[in-house]
């Protein structure tokens, strides 16, 4: 058995809670020794000296007070240990969330969301036993037996020697079994993480699996992996039960040695009754910390396996680092955005996604960004939204470097509609209020009407309180797109970023939404990723990208007059809706 120093460091940083728990338990042990002494005195008076109730009433009252003290100190010790575990669990969850956020889109893409969720919730919770039980018990097991030995040796040297030589038996057995338990528990946690990720993947792709006729195959896979988890769990339990039996036998044999040794000496008048009874009462208390250490080790060993996974997450390099804020942002007018010599390459690729890109997004104008798939449009949008940070070059907002701005202030000035908007499993109103929690009902109605969604909402039985299902499963693709667009309109930020806002709409609705976007964008700096000609024609400026570079820029009418440019654009547009 070995102590995980990483976990110990977390405990040490949480103030004096661990110290309070240990001191309380030491004081409780002192009261236990006093209780044992008083009990031996009472029994000696009653059985050997034939004392009456009046003679031992003071001792009985004292025993009652000692018992109450032990109870209060036990509660204080447990409360301190539980509070310590709670603070550390909250701290670890905060660190994991901060690291996930700092890893950005790239870091998230390399992880399995279900596995992170299991680690963040179930995994961190597994650490409770380590901090609230096992860690304090390490100190109890080291200090309490020494305290008892310090008291027993002056009373009876032989009993103290027996205590001293039998004490290592339990830790030796515990160490032998502990190494096997650790490997089995690590395997159990790995199977649990794999099962969680696999089950989420199957749930998310259930429709596709049924259409392809593969649902029964996946059901069999679920049976196999759950059976594997059952087997790994039973392996851990078998070792836990075996170790509990071994530790109980070791403690019982050690206590029996003390009892036999004291009994023989009493028989031959080598020790008096009262100290002999006192030592006999103390024998179980001497071995109890070791037995509890073994039991709590098995309860906490899973937490060490979880900590290995948590450490992997915390050790990942963060990709999104904010520089110290140079100034607070409070834009009253739409800003101009200038991109200078911008470059970005994804970690797993050699070819840059954005290469020496220069671009000007005029204030209060609409810029349409188009080009073939993989040209770098989405990467550029993510860089402007600060979902990624530039590796070379700068993005300036009204002359200020984007990375030098306070991130929260900047994001408040930004409305964003991604290509695949995320919809919460909540009501339509709750999904809308993500953009503006304190929005009034007229503001909600105006934003929904601008996205041509209000009449649909009013036609529903529960209207704004209608729940949309996980990821909007109760809505059509066009309704999801309009809900996300209404959310962007509700925020009413000076910078508007739209990724194919009319992709899931029919031509008539697309024309209406395009006109609405045009009206709402008059006082905003707008960037639209577009593949439809109607969207491109409504822009003030069109930017054509290819292989991470800008190959042409200009007003739509000017580009359309150039036959070569028009042909080039048309070959890059997947949808040529007129």
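Tell me which of these residue 91 doesn't satisfy, since it passes every other one: (1) at pLDDT below 80; (2) surrounded by fewer than 18 Cβ atoms within 10 Å (Cβ to Cβ); (3) closer than 26 Å to residue 16 by Cβ.
Unmet condition: (1).
Where in the range 356-434 are there helices (runs of 4 or more DSSP H), lying fully within it, with 3 or more residues that are more than 23 Å from residue 531 (Cβ to Cβ)?
It comes to 407-412, 428-432.
Got at least one residue in the range 215-237 being farther than 30 Å from residue 184 by Cβ and surrounded by 14 or more Cβ atoms within 10 Å (Cβ to Cβ)?
yes
So, residue 526, is that one at pLDDT below 75, assigned by TED's automatic domain parsing to the domain that holds residue 445 and surrounded by 20 or more Cβ atoms within 10 Å (Cβ to Cβ) or not? Walk me through how you get there before you give the answer.
On the way: at pLDDT below 75: no; assigned by TED's automatic domain parsing to the domain that holds residue 445: yes; surrounded by 20 or more Cβ atoms within 10 Å (Cβ to Cβ): yes.
No.
Going by what's in this entry, would residue 264 be described as under 26 Å from residue 49 (Cβ atoms) and modelled with pLDDT of 75 or more? Explain how you work it out, then say what you get.
Details: under 26 Å from residue 49 (Cβ atoms): yes; modelled with pLDDT of 75 or more: yes.
In short, yes.
Can you name the condition, by its number, that residue 382 falls short on among (1) closer than 19 Å to residue 552 by Cα; (2) surrounded by 20 or more Cβ atoms within 10 Å (Cβ to Cβ)?
(1)
Restricting the range 48-59 to residues that are in contact with a helix residue (DSSP H, G or I) (Cβ under 8 Å, 6 or more places away or on another chain) and within 25 Å of residue 266 (Cα to Cα), which is surrounded by the fewest Cβ atoms within 10 Å (Cβ to Cβ)?
If we take residues in the range 48-59 being in contact with a helix residue (DSSP H, G or I) (Cβ under 8 Å, 6 or more places away or on another chain) and within 25 Å of residue 266 (Cα to Cα), then 48 is surrounded by the fewest Cβ atoms within 10 Å (Cβ to Cβ).
Taking residue 374 as the residue in question, decide whether it is surrounded by fewer than 16 Cβ atoms within 10 Å (Cβ to Cβ), within 21 Å of residue 551 (Cβ to Cβ) and out of contact with any helix residue (DSSP H, G or I) (no Cβ under 8 Å at 6 or more places or on another chain). Write out each step before concluding.
Numbers: surrounded by fewer than 16 Cβ atoms within 10 Å (Cβ to Cβ): yes; within 21 Å of residue 551 (Cβ to Cβ): yes; out of contact with any helix residue (DSSP H, G or I) (no Cβ under 8 Å at 6 or more places or on another chain): yes.
Answer is yes for this residue.
Condition first: surrounded by 15 or more Cβ atoms within 10 Å (Cβ to Cβ) and in contact with a strand residue (DSSP E or B) (Cβ under 9 Å, 6 or more places away or on another chain). Can you find one or more residues in the range 450-458 that meet it?
Taking the range 450-458 and keeping what is surrounded by 15 or more Cβ atoms within 10 Å (Cβ to Cβ), we get 450-454, 456-457.
When the remaining residues are screened for being in contact with a strand residue (DSSP E or B) (Cβ under 9 Å, 6 or more places away or on another chain), the result is none.
Looking for residues that are surrounded by 15 or more Cβ atoms within 10 Å (Cβ to Cβ) and in contact with a strand residue (DSSP E or B) (Cβ under 9 Å, 6 or more places away or on another chain), one finds none in the range 450-458, hence no.
Hey, can you tell me all the residues within the range 435-444 that are in a loop (DSSP other than H, G, I, E, B) and either at pLDDT below 80 or in contact with a helix residue (DSSP H, G or I) (Cβ under 8 Å, 6 or more places away or on another chain) (or both)?
So in the range 435-444, the residues in a loop (DSSP other than H, G, I, E, B) come out as 435-440.
Correct list: 435, 436, 439.
Suppose we keep only residues that are over 11 Å from the mean Cα position of the chain (by Cα) and part of a helix (DSSP H, G or I) within the range 102-113. Which one would you say is modelled with the highest pLDDT?
Looking only at the range 102-113, we keep the residues that are over 11 Å from the mean Cα position of the chain (by Cα), and these are 102-112.
Checking which are part of a helix (DSSP H, G or I) leaves us with 102-109.
On the way: 102: 66, 103: 62, 104: 58, 105: 54, 106: 55, 107: 53, 108: 54, 109: 52.
Per the stated criteria, the residue is 102.
The values are calculated or read from the model by the stated rules, or taken from the named source; none is laboratory data. On a predicted model such as this, the values are computed, not experimentally measured, just so you know. All Cβ positions, glycine included, derive from the backbone under ideal geometry; neighbour counts span all protein chains shown.
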